[in-house]
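The values are calculated or read from the model by the stated rules, or taken from the named source; none is laboratory data. These numbers come from a predicted model, not from an experiment. Reconstructed Cβ throughout: ideal geometry from the backbone, glycine too, with neighbour counts over all protein chains shown.
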Amino acid sequence: MKLSLSGRIVEDATVKDITLLSFAELARIAAEIGYQALCIRPSQVTVNTTDTEIRHMRAILEDNGLVASMVCLDPVIAANTPDAGRPLHQIERHLAIAEILGAPLVRVGMKTTAEIPWAQRAADQAQERGIRLVHQTHTESPFESIDECLELLSRINRPNFGLTIEPANLVLCQQDYGPETLPRLAPYIYNVYVQNLRLNPDGANTIRTTRGIVRYDRLAVGEAGGIDFDRFFEGLSAAGYDRYITSHQPAIPGRETRKLAQAIFDYLSEYITSIWN
């Protein structure tokens with residue numbers, strides 16, 4: 001089991017296409033702390049980034065002893081806008097960038113089941129390059145609930161189309177994320193994100209789900225009162241998951257990036273040591 005740091009840690013929680021630090025600086029911080037990979041975001045590279053720039057990013061990764069665990073290359077996916085499914089129609093550039101960066105996973109988005117044929121075509125194209133496509137368990141998508149995930153993945157029916165499991169979004173959609181549930185998704189879990197929140201009817205943040213509007217407070221990964229990470233990691237262990245765990249923590253005003261990334265690394269490392277070693 002390895003730890004990956006998402007570029008989201010240098011993004012504001014609500015702004016998905018602006019980074020607060022350079023890619024080189026983020027890579028240096030991640031490597032010095034002990035992360036083994038970066039999850040690359042559209043604040044750092046998009047389909048419009050030149051191949052020369054992308055190859056330079058690959059060199060930065062290699063110079064720091066890092067790899068790319070996954071790429072997400074369009075802000076419409078990261079922000080889950082109504083156009084989140086659009087990149088499925090234009091997947092070739094996403095796959096080409098993933099190849100240059102050496103990323104085995106490409107994050108995609110879907111908003112309706114009408115996009116299933118496009119997901120199938122995109123997965124077939126990705127299969128030719130040995131790349132997997134993943135959709136995050138996410139609000140306002142066909143992947144909100146465990147049952148919806150299983151139904152849709154069965155309909156897409158491609159061996160290289162799977163899930164990024166993320167417990168906070170499951171909580172927002174009133175879904176379980178423990179050992180009774182995650183083994184049901186075991187064949188499809190290709191990646192794991194972790195972020196943290198606390199449901200609160202008076203919370204500072206709101207999000208829409210198909211079950212209505214939900215209010216919550218955002219917390220740092222490891223902060224008490226939010227996601228039950230003991231239960232979540234027990235579920236991952238029961239599902240036989242052994243790939244990357246990625247911190248999906250956004251920047252927190254007033255908290256320095258390195259210190260936040262270090263605290264999350266220390267917290268997650270304890271689980272990896274106790275469960276998988």
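Please verify whether Glu53 is charged (D, E, K, R) and in contact with a Pro (Cβ under 7 Å, 6 or more places away or on another chain), treating the condition exactly as stated. It is false that Glu53 is charged (D, E, K, R) and in contact with a Pro (Cβ under 7 Å, 6 or more places away or on another chain).
So is Leu197 in contact (Cβ under 8 Å) with a residue 12 or more places away in the chain and assigned to a strand (DSSP E or B) or not? Judged against the criteria, Leu197 is a match.
For the condition over 18 Å from the mean Cα position of the chain (by Cα) and of a type outside the set (D, E, K, R), what is the one hit in Gly102, Gly130, Gly85?
Working: Gly102 fails: over 18 Å from the mean Cα position of the chain (by Cα); Gly85 fails: over 18 Å from the mean Cα position of the chain (by Cα).
Result: Gly130 is the single residue among Gly102, Gly130, Gly85 that is over 18 Å from the mean Cα position of the chain (by Cα) and of a type outside the set (D, E, K, R).
In the stretch 33-47, how many residues are touching a helix residue (DSSP H, G or I) at 6+ places or on another chain (Cβ under 7 Å) and surrounded by fewer than 20 Cβ atoms within 10 Å (Cβ to Cβ)?
If we filter the stretch 33-47 for residues that are touching a helix residue (DSSP H, G or I) at 6+ places or on another chain (Cβ under 7 Å), which is where we start, we get 33-35, 38-45, 47.
Going one step further and asking which of them are surrounded by fewer than 20 Cβ atoms within 10 Å (Cβ to Cβ), we end up with 33-34, 47.
Residues flagged as touching a helix residue (DSSP H, G or I) at 6+ places or on another chain (Cβ under 7 Å) and surrounded by fewer than 20 Cβ atoms within 10 Å (Cβ to Cβ) within the stretch 33-47 amount to 3.
Which residue out of Glu151, Glu128, Glu99, Glu166 is surrounded by 20 or more Cβ atoms within 10 Å (Cβ to Cβ) and modelled with pLDDT of 95 or more? Break it down stepwise before answering.
Numbers: Glu151 fails: surrounded by 20 or more Cβ atoms within 10 Å (Cβ to Cβ); Glu128 fails: surrounded by 20 or more Cβ atoms within 10 Å (Cβ to Cβ); Glu99 fails: surrounded by 20 or more Cβ atoms within 10 Å (Cβ to Cβ).
Result: Glu166 is the single residue among Glu151, Glu128, Glu99, Glu166 that is surrounded by 20 or more Cβ atoms within 10 Å (Cβ to Cβ) and modelled with pLDDT of 95 or more.
When the stretch 43-82 is filtered for residues that are over 13 Å from Ala98 (Cα atoms), aliphatic (A, V, I, L, M), assigned to a loop (DSSP other than H, G, I, E, B) and modelled with pLDDT of 95 or more, only Leu66 remains. Which count do you get for residues in the stretch 209-227 that are under 19 Å from the mean Cα position of the chain (by Cα), under 16 Å from Cys173 (Cβ atoms) and modelled with pLDDT of 90 or more? Of the residues in the stretch 209-227, 2 are under 19 Å from the mean Cα position of the chain (by Cα), under 16 Å from Cys173 (Cβ atoms) and modelled with pLDDT of 90 or more.
Of all residues in the stretch 27-79, those satisfying the criterion of being β-branched (Val, Ile, Thr) and free of Cβ contacts under 8 Å to residues at least 12 places away in the same chain are Thr50, Thr52.
Given the condition in a loop (DSSP other than H, G, I, E, B) and on the phi > 0 side of the Ramachandran plot, answer yes or no: does some residue in the stretch 246-268 qualify? Let's see the steps before the verdict.
Start the filter on the stretch 246-268 by keeping residues that are in a loop (DSSP other than H, G, I, E, B), which leaves 248-256.
Pick out the ones that are also on the phi > 0 side of the Ramachandran plot and you get 254.
Looking through the stretch 246-268, at least one residue is in a loop (DSSP other than H, G, I, E, B) and on the phi > 0 side of the Ramachandran plot.
The single residue among Gly240, Gly235 that is out of contact with any strand residue (DSSP E or B) (no Cβ under 6 Å at 6 or more places or on another chain), surrounded by fewer than 16 Cβ atoms within 10 Å (Cβ to Cβ) and touching a residue at least 40 places away in the same chain (Cβ under 8 Å) turns out to be Gly240.
Table: residues versus (1) in a loop (DSSP other than H, G, I, E, B); (2) among the aromatic types (Phe, Trp, Tyr); (3) farther than 21 Å from Met70 by Cα.
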| residue | (1), (2), (3) |
| --- | --- |
| Phe143 | yes, yes, no |
| Arg158 | yes, no, no |
| Asn169 | no, no, no |
| Gln174 | yes, no, yes |
| Glu180 | yes, no, yes |
| Pro183 | no, no, yes |
| Ala186 | no, no, no |
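The rows are residues; the columns are (1) touching a Pro at 6+ places or on another chain (Cβ under 7 Å); (2) over 23 Å from Trp118 (Cβ atoms).
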position: Leu152; (1), (2): yes, no
position: Leu163; (1), (2): no, no
position: Asn169; (1), (2): no, no
position: Ala186; (1), (2): no, yes
position: Gln195; (1), (2): no, yes
position: Asp202; (1), (2): no, yes
position: Ala224; (1), (2): no, yes
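The listed residues are Glu151, Glu115, and the only one of them that is of a type outside the set (Gly, Ala, Ser), farther than 23 Å from Phe233 by Cα, without any contact (Cβ under 8 Å) to a residue 24 or more places away in the chain and not in a loop (DSSP other than H, G, I, E, B) turns out to be Glu151.
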